[in-house]
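The values are calculated or read from the model by the stated rules, or taken from the named source; none is laboratory data. Worth saying up front: this structure is predicted, and the values here are computed from it rather than measured. Every residue, glycine as well, gets a Cβ built from its backbone with ideal geometry; the counts of neighbours run over all protein chains shown.
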Amino acid sequence: MVAQSWHRMLPVLGLFWAFGLAACVSDGAFDVDVSSASVGGAEHEDLGFTSEGQLERASPVGDERARRAEADRLVRELWTVAGERGVPGEAWVFEYQAHGGALTLLSFRRTAVGRGTGASGDWKGFSQALTRSLSTLVGTKSRRLRFTLEREPERWRFDLEMVSGRVAEQARTVPESLPGVSEPLLSDALGVARQLLPVPGVPREGRVRQQARLHFEGMRLLQESEPGVFEVQEGLGRRSVPASGDPRMPWVQALLPFGNAVGRRTVEVELEGRHVRGDAGAQWRVVAAKLLEPPAPPEAMEDIAKEYRAMHEDILRHWRQEVRDDARLAGAWSFEQLAYWYVGGFIARGTLGMFEAVAPTVVAVLGRGGAKAAQWFRTVLIRTPPGEREALQRIWMKAEAEGVAALGVGEKAKLQSLLRDMEQRLRTPLQSKYEKDKLREWARQEYFDVLQPQLARTLGSELVATYPVHHLVPLEYAHLFPLRNINVSGNLVGMSREVHTSINSVWTLVRRSPRSISANEVDEVARITRKHFGQWFHVVYDPSKSAAALSSAHKAALRDVEVMLGL
């Protein structure tokens, strides 16, 4: 599959927040971008993202059984909100986002008030009429669906239409057989309902309306509800009628379907309390609810916003399936995918402040956002021991699924400890062969797939395998530049073996120096090599034309370095 280029701008995600775009922190000359780099090329041994912003996966997800389960769940939601207690003359409109067979509830509203009680609800007739061929009609294309329900004296009449509209940011994209309501979400909903109810009582033979805004994060409903307008719409006098049954349950049942959406989101609801002459108590019901969609991200940011959202959705999917501490989950994502996830998540959830004292460099880079921040953090992750990566992933998955507030004191302390260790490791020379080999592998992929695809085609499949990709500032000095990404485009140059051998001999001279070399001196040596050998960067070397010039350049570079080091 086609992986997206690291050189696109990582948005400050329209899904969760709106910050201005800023350049990555830089502490030196080679932190530059190549805006004209071609986009394309696959990460041959490392999963990334498709051209549509979805996750590349080792195996497919979302089969026909899952799509049927999505359709069955939709019918159950319509029944719970409207069908079970609907009366003749009542009408409702529900809107869903369909994407890849996944169905996400966006809104519903009662559009006509019924009268009387009519026949009791018939689940069998309701479900059979609605589910017949529903999964086939919905399909897998991305579109919005509008269901119109009208209650006749003995049955419900249905209508389904496709409507225009951009893909909702909160919509899921992978169909799944969602489990039943989780205990935490049910507890959240009951807690919020307890805050908002009881509102002032319903007048006899009257009706009242209560509005509110509720906030979801991942799979949890936050306890930060915003009560809105309360008004008496009709009624006789001041005498109020008590609620019939538990008034919280209609509220809870109407809210739970919004727990299946993605990301941080706000749901605006309208609750009605109504008393009908002859009834002992008032009936409460949610008569409208809708997801408040955030503004669309700028066009240049749309693709990366999808990539972050895809990671977040994948986490929620695993969490719902209770694949949390399973060893197979730790290796399910690539370093690229994880880097996008962490950079987006730390900023979106406003958690960088809790790490600033223990990891100022990490916070300084990630706080700027952007593709370069994600690329930089990928190199940090590869330097993090597997056990620490798994611990970070496990804790942050919980934060994504249930919110940072769900983390315990020990988990927050562990997060700080993990980031502190990352900070210290930035200033320690690369140790393991695996780290160095992986950084070199990524450098080659970046160089030939993104920066110089034409050169790769010119060299051909056999020669390109032997064509060195050189770090102007070598990997062994990465710790002197903690703010830099050692694999940034400006630090990668391709050259023939002959040129690479000459440059390596210059750095061998540096290594033999009796004193430690400073960051400024490393930069200066890189400048010297660029000055003398730059004409052979990014080209096919012809020894018949350049051997003598290369020999002269080699001697001149050695002489300049000797002078600089005082040798």
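For the condition over 16 Å from the mean Cα position of the chain (by Cα) and assigned to a loop (DSSP other than H, G, I, E, B), what is the one hit in VAL358, VAL362, VAL380?
VAL358
Can you find, within the range 519-550, the residue that is surrounded by the fewest Cβ atoms within 10 Å (Cβ to Cβ) among those that are modelled with pLDDT of 95 or more and polar (S, T, N, Q)? Restricting to residues being modelled with pLDDT of 95 or more and polar (S, T, N, Q), the top hit is ASN520.
Scan the range 438-449 and tell me whether some residue there is more than 29 Å from the chain's Cα centre (by Cα), surrounded by 15 or more Cβ atoms within 10 Å (Cβ to Cβ) and not aromatic (Phe, Trp, Tyr). Walk me through it before giving the result.
Initially, the range 438-449 is screened for residues more than 29 Å from the chain's Cα centre (by Cα), giving none.
Within the range 438-449, none of the residues are more than 29 Å from the chain's Cα centre (by Cα), surrounded by 15 or more Cβ atoms within 10 Å (Cβ to Cβ) and not aromatic (Phe, Trp, Tyr).
Yes/no matrix, rows are residues, columns are (1) of a type in the set (S, T, N, Q); (2) in contact with a helix residue (DSSP H, G or I) (Cβ under 7 Å, 6 or more places away or on another chain); (3) at pLDDT below 75:
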{"site": "ARG157", "(1), (2), (3)": "no, no, no"}
{"site": "VAL167", "(1), (2), (3)": "no, no, no"}
{"site": "ARG172", "(1), (2), (3)": "no, yes, no"}
{"site": "SER177", "(1), (2), (3)": "yes, yes, no"}
{"site": "LEU197", "(1), (2), (3)": "no, yes, yes"}
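When the range 251-293 is filtered for residues that are closer than 18 Å to LEU186 by Cα and β-branched (Val, Ile, Thr), the ones remaining, listed by number, are VAL252, VAL262, THR266, VAL267, VAL269, VAL286.
Here LEU190 clears all of (1) surrounded by 20 or more Cβ atoms within 10 Å (Cβ to Cβ); (2) under 19 Å from PHE258 (Cα atoms); (3) in contact with a helix residue (DSSP H, G or I) (Cβ under 9 Å, 6 or more places away or on another chain); (4) of a type in the set (A, V, I, L, M) except the condition numbered (1). Restricting attention to the range 82-121 and to residues that are among the aliphatic types (A, V, I, L, M) and surrounded by fewer than 20 Cβ atoms within 10 Å (Cβ to Cβ), the residue that is modelled with the highest pLDDT turns out to be VAL93. For the criterion of being in contact (Cβ under 8 Å) with a residue 60 or more places away in the chain and either outside the structural domain of VAL343 (by TED's automatic domain parsing) or at negative phi (or both), PRO429 fails.
When the range 144-187 is examined, which residues are found to be within 16 Å of ASN260 (Cβ to Cβ) and among the hydroxyl-bearing types (Ser, Thr, Tyr)? Once the filter is applied, which keeps residues that are within 16 Å of ASN260 (Cβ to Cβ) and among the hydroxyl-bearing types (Ser, Thr, Tyr), the range 144-187 yields THR173, SER177, SER182.
Output the residues belonging to the range 483-514 that are assigned to a loop (DSSP other than H, G, I, E, B), more than 32 Å from the chain's Cα centre (by Cα) and in contact (Cβ under 8 Å) with a residue 24 or more places away in the chain. Lay out the reasoning, then the answer.
The first filter runs over the range 483-514 and keeps only residues assigned to a loop (DSSP other than H, G, I, E, B), leaving 483-488, 495-496, 512-514.
Filter again for more than 32 Å from the chain's Cα centre (by Cα), leaving 495-496, 512-514.
Result: MET495, SER496, SER513.
The requirement of being modelled with pLDDT of 75 or more, among the aliphatic types (A, V, I, L, M), touching a strand residue (DSSP E or B) at 6+ places or on another chain (Cβ under 9 Å) and exposed (fewer than 14 other Cβ atoms within 10 Å of the Cβ) is satisfied by ALA280. Within the range 401-423, residues that are in the same structural domain as PHE355 (by TED's automatic domain parsing) and surrounded by 16 or more Cβ atoms within 10 Å (Cβ to Cβ) reach partners that are charged (D, E, K, R) and in a helix (DSSP H, G or I) with beta carbons closer than 6 Å, at six or more positions or on different chains, in the pairs LEU418/GLU388.
Only residues that are touching an Asp or Glu at 6+ places or on another chain (Cβ under 7 Å) and surrounded by fewer than 18 Cβ atoms within 10 Å (Cβ to Cβ) were counted across the range 156-183, and they come to 1.
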